[in-house]
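*Asks:* Got a structure for you, questions after.
The values are calculated or read from the model by the stated rules, or taken from the named source; none is laboratory data. Please read these numbers as outputs of a predicted model, since none were measured by experiment. FYI the Cβ positions are ideal-geometry reconstructions off the backbone, even for glycines, and counts take in every protein chain you see. Calculation scope for accessible area: heavy atoms of the full protein, side chains included, ligands and nucleic acids excluded. Shrake-Rupley method; radii C 1.70, N 1.55, O 1.52, S 1.80 Å.
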Amino acid sequence: MSYWSTLIGGIPGFFRVNPTAFLGQYVPLGVASAGYYSTEPLRATLGELVDFSLINRGETRLTVGAAHVRSSTMRYFDNRDSPIAVDHIMASGALPPAFPAVKIDDEFYWDGGILSNTPTEVIFDDKPRRSSLIFASICGTRRDRCRTISGTCCTAEGDPVFEPDLRSYRPPAGDPSAAPHHQ
């Protein structure tokens with residue numbers, strides 16, 4: 001029963017149904033509304049619960065990744081380079097087609113997991129290189145773990161679409177600070 005109530009009503013403080021999305025696939029919604037759900041409740045929740053001034057003091061690094069919609073490239077937003085705002089967090093979780101893209105600096109972004117579900121390259125490519133401890137869950141390649149909805153979460157071979165890419169990282173050629181990579 002909770003599945004249906006979530007599907008039809010959303011989750012308070014997170015998302016709600018976008019009724020115009022159900023008028024048909026050719027109804028022009030605009031990029032910022034092109035999702036089955038609106039995440040405006042999440043915007044309000046983050047505004048209430050997250051202290052962005054504390055995040056932007058930079059005492060602890062925060063980097064979030066998002067996929068640039070127009071170019072299909074990954075972009076990282078890092079509090080060492082520029083202030084993090086609610087839109088950066090929202091973009092990093094804007095998973096289509098459920099949630100619409102989020103506008104940042106006149107460009108639209110989706111969940112970075114579309115391009116890199118384990119975006120460790122931002123850490124490995126850090127200059128100067130620093131010691132880091134990374135916890136990553138490498139799972140999801142077994143067919144019996146796939147749970148499909150109309151085949152959207154798995155390829156024809158049964159492998160998940162959102163597969164971690166940690167194992168695919170290769171240090172830049174000639175990088176003397178790069179540790180040997182083992183698979």
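*Asks:* Between the DSSP loop rule and a limit of at most 12 other Cβ atoms within 10 Å, which trypsin sites (Lys or Arg not before Pro) in region 1-102 are left? Present the calculation step by step, with values, prior to reporting the outcome.
*Replies:* Values: sites: Arg16, Arg43, Arg57, Arg61, Arg70, Arg75, Arg80; in loops: Arg57, Arg61, Arg70, Arg80.
In loop regions of region 1-102 (DSSP not H, G, I, E or B), the sparsely surrounded trypsin sites (Lys or Arg not before Pro) are Arg57, Arg61, Arg70, Arg80.
*Asks:* Can you compute the FRET efficiency between Ser71 and Arg130 using 1/(1 + (r/R0)^6), with r the Cβ-Cβ distance and R0 = 35 Å? Round to the nearest 0.05. Before the final figure, lay out the partial values.
*Replies:* Working: r = 29 Å, r/R0 = 0.82.
The formula returns an efficiency of 0.75 here.
*Asks:* Taking region 49-123, which GluC sites (Glu not before Pro) meet the DSSP loop condition and have no more than 13 other C-beta atoms within 10 Å? Show your work: numbers first, answer last.
*Replies:* Numbers: sites: Glu59, Glu107, Glu121; in loops: Glu59.
The qualifying sites are Glu59.
*Asks:* Still on this structure, I have one more. Label-point separation (nm) for Thr60 and Trp4, each offset 7 Å from Cα along Cα-to-Cβ?
*Replies:* 4.1 nm
*Asks:* If you take all C-alpha pairs in region 31-105, what percent of them are over 18 Å apart?
*Replies:* Details: 1144 of 2775 pairs.
Counting pairs separated by more than 18 Å, the tail of P(r) holds 41 percent.
*Asks:* Given the C-alpha centroids of region 76-126 and region 9-57, what is the distance between them in whole angstrom?
*Replies:* The distance from the Cα centre of region 76-126 to that of region 9-57 comes to 15 Å.
*Asks:* Order Tyr26, Tyr36, most accessible first, counting only protein heavy atoms with a 1.4 angstrom probe.
*Replies:* Numbers: Tyr26 190, Tyr36 95 Å².
Solvent-accessible surface, decreasing: Tyr26, Tyr36.
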